[in-house]
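A short reminder: the numbers here are calculations on the coordinates, not readings from a lab. Source: prediction; values computed, not measured. Using ideal geometry, Cβ is built from the backbone for each residue, glycine included, and neighbour counts are taken over all protein chains shown.
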Amino acid sequence: MTYLTTWTADTRPRLLEETTDPARIAAVLAGISVRFERWPLAPGLPAGTGAEEILAAYRSRIDALTAAEGFVLVDVAALHPTGAANWREVAAAARERFLAEHTHDDDEIRFFAAGSGVFYLHVDERVQAVRCEAGDLISVPKGTTHWFDMGVDPDFAAVRFFRAEDGWVGAFTGSDIATRIPDFDALARRAASAAQPRAGKAAAAS
Ligand SMILES: [Fe+2]
């Protein structure tokens, strides 16, 4: 379930709101010019489905979005736990790339076909932390300060849309704000706790 938390962007961030309501999430994000929508999940795609199969499964929606927005390149970024001896190193290196606050010269558009990842959007002295799940499309406008966390055990497949063949690079702001807001794994624990019935939470706390 998609999960949005809103934080103050100061030295001791405070939680201002948390919600799993897709309409509320879309409204909050629309307020900062971030596009968010849900696509129906294609049936019958097992975990670890390859890029070509994912692109084929969503072809009509991908083509429509591409035609409307003028994208020239669409691909799939995917990472799934492999069990290999070097998995933690591979995962840590991938996670590190966009874990600090940065901007891009073009929009960052992702459709999560599987798994999850958190986009953190730092706008107007707030940080909107959006844990995207399979079925979520999010578009971060160019110039928006943001970062992305895939967690210590990345497990996701995301369709990426580009307006230039060479994609984009991150322009890092040098801010340490990403270290002050709960990360992917902390938000996952928080979401799981929030989803527990009240009695369950009391039992877990005792
Ligand atoms: Fe980015």
Pseudo-spin-label distance R163 to L73, built 7 Å along Cα→Cβ, given in nm, is 1.5 nm
Please compute the net charge surrounding P46, taking Lys and Arg as +1 and Asp and Glu as -1 over other residues with Cβ under 15 Å from its Cβ.
-3
Once amide H atoms are built 1.01 Å from N in the peptide plane, which residues 5 or more positions from T145, or in another chain, come under 5 Å H to H?
H122
Which value at 222 nm does the chain reach when only helices count, each DSSP H run of 4 or more adding -39,500 (n - 2.57), with the total divided by all residues and rounded to the nearest 500 deg cm²/dmol?
-8000 deg cm²/dmol
Explain nothing, just the number: dipole magnitude of the chain about its Cα centre with +1 on each Lys and Arg Cβ and -1 on each Asp and Glu Cβ, in debye rounded to the nearest 20.
740 debye
